[in-house]
Amino acid sequence: MTQLIKTCAIIGAGPSGLMAAEKLAEKGYRVTVYDRMASPGRKFLLAGRGGLNLTHTDEPDEFMAQYREASEWLWPYIEQFSPDELRDWCDGLGEESFAGSSGRVFPKSFKASPLLRAWLRRLDALGVTFCARHDWHGWDNSGALMFRLADGQEVLIKPDVTLLALGGASWPKLGADGGWTRILEQSGIAVTPLQAANAGVLVEWSDLMKTRFAGAAIKRVVATCGQSQAKGEAIITEKGFEGGVIYSLGPDIRRQIEVDGRALIHLDLRRDLPLHILTERLSKPRGKMSVSTWLHKAAGLAPAAIALFREERATGTKAPFDDPVEMAKLLKNLPIHIHGIAGLERAISTAGGIALSQLDDHLMLINRPGVFVAGEMLDWEAPTGGYLLQACFSTSVAAAAGMIDWLN
Ligand SMILES: Cc1cc2nc3c(=O)[nH]c(=O)nc-3n(C[C@H](O)[C@H](O)[C@H](O)COP(=O)(O)OP(=O)(O)OC[C@H]3O[C@@H](n4cnc5c(N)ncnc54)[C@H](O)[C@@H]3O)c2cc1C
């Protein structure tokens, strides 16, 4: 008697789709991964250019706090496929991982390409089929998946179970453009609007700032936005700021912009110097030193931080050079006015996505039985630090387990 092997369609060949493919193929299911692009893992490869920060060694509480409102919802999935398990998986593909002094975990090669190559070899050996240039554009009336091929041909597929792993909408030229929101909303599935996350912010700089300091880092800064605080660095760009502290405060900045059309952050440019010591240092006579030399010598500020301090248009404040007390206060709490968030085209990730209320515990769409979802297309967000890929991998392992349950 012939046994019918159940078929699984995975749409999206990013890390979320590929991880689910591996888990399903290991159990003997027939897995086909479809993607609109010519090759898999385009954004994963781009992430590799920054070293491929896979996960983080934070303690669980600290780790989960990065996901803010979604942390409770995500916890069972991260617990099921933890940062340690992700590291073991990476090591198992011959790409040993290591944790840097900040706790960020990377493959030793600092690249995604060797890991992806080894992974694709493993998937091939497991019998996973990859169908490139298959652009999914919805379901027909019988529930079949509809794909458009590069030559305009239409293909219908009716698998036993489906995983949507279509990503967010950042760097759309790499494949994930958020076009799926329209398809799912037409099917009655609620989607929180997609917005740029881990993206730059827009500040009105003077020409001097744009031309001389774009690319310079303001290091060891504490940034505050409302009740939230982040430590790290902010990088001056031609249009404003980017970098770790900006990304961490992203949700707060976005909320302020939604309400007021602008946002205000404050920077402590000398977080390691208490206010009274800074005041004391700035109280010493300046003599014949220029303001910049004096700020460098007395307050230990780098040229970019000095320029920032003097940037009246962005701070809305004239630096009180003749008042050491006020100056020290300003250096420890420098306002920066933000008038927008840079677009999705260059954002590292996407906030928003399929509303969590639309899913059961196994990540199946409640009103589309047999269709599961994983990765960045779900409504969670996190700062950089390895939290993005960890949540993608963990939700895809959980979705694959849910798919196996469903098939059985
Ligand atoms: C510059 C940059 C650096 C990053 N660095 C890091 C990092 O160091 N650490 C970290 O944790 N995260 C990082 N990220 C984020 C991380 O890459 C993403 O969170 C992750 O790739 C999301 O995985 P995913 O599989 O859910 O979606 P994606 O990787 O976006 O994959 C989705 C796939 O779906 C396909 N697709 C979409 N729509 C369709 C359709 N209609 N039909 C067919 N196929 C479709 C796309 O072509 C794509 O291949 C970085 C991102 C960027 C842009």
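The values are calculated or read from the model by the stated rules, or taken from the named source; none is laboratory data. Here the structure is a predicted model, which means the values were calculated and not measured. Virtual Cβ from ideal backbone geometry, glycine too; neighbours counted across all protein chains shown.
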Sole residue being at positive phi and of a type in the set (A, V, I, L, M, F, W, C), chosen from W139, W180, W119, W171 | W171
Residue by residue through the range 5-33, note down the ones that are more than 7 Å from the ligand (Cβ to nearest atom), in a strand (DSSP E or B) and of a type in the set (V, I, T).
-> T7, I10, V31, T32, V33
Residue within the range 34-42 that is within 19 Å of the chain's Cα centre (by Cα) and not in a loop (DSSP other than H, G, I, E, B) present | yes
Selection within the range 301-313 - in a loop (DSSP other than H, G, I, E, B) and of a type outside the set (A, V, I, L, M) | R310, E311
Which of the helices (runs of 4 or more DSSP H) contained wholly in the range 180-272 include at least 2 residues that are over 19 Å from the mean Cα position of the chain (by Cα) and either over 20 Å from S349 (Cα atoms) or at pLDDT 95 or above (or both)?
-> 180-186, 250-260
List every residue pair whose Cβ atoms lie under 9 Å apart, where the two residues are 6 or more positions apart in sequence or sit on different chains, the first residue falls within the range 36-52 and is at pLDDT below 95, and the second residue, located anywhere, is near the ligand (Cβ under 7 Å from one of its atoms).
-> G50/I348; G50/T384
Output the number of the condition that K318 fails; it satisfies all remaining conditions of (1) in contact (Cβ under 8 Å) with a residue 24 or more places away in the chain; (2) in contact with an Asp or Glu (Cβ under 9 Å, 6 or more places away or on another chain).
-> (1)
Looking across the range 274-300 at residues that are basic (K, R) and not in a loop (DSSP other than H, G, I, E, B), the single one that is nearest to L331 (Cα to Cα) is R281
Scanning for something touching a residue at least 60 places away in the same chain (Cβ under 8 Å) and under 28 Å from the mean Cα position of the chain (by Cα), does the range 150-160 turn up at least one residue?
-> no
Tally, over the range 314-347, of residues that are within 16 Å of the ligand (Cβ to nearest atom) and not in a helix (DSSP H, G or I) | 4
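For residues that are assigned to a loop (DSSP other than H, G, I, E, B) and near the ligand (Cβ under 6 Å from one of its atoms), scanning just the range 43-56, find the one that is surrounded by the fewest Cβ atoms within 10 Å (Cβ to Cβ).
Of the range 43-56, the ones assigned to a loop (DSSP other than H, G, I, E, B) are 50-54.
Adding the requirement that they be near the ligand (Cβ under 6 Å from one of its atoms) leaves 50, 52-53.
Working: G50: 12, L52: 25, N53: 22.
If we take residues in the range 43-56 being assigned to a loop (DSSP other than H, G, I, E, B) and near the ligand (Cβ under 6 Å from one of its atoms), then G50 is surrounded by the fewest Cβ atoms within 10 Å (Cβ to Cβ).
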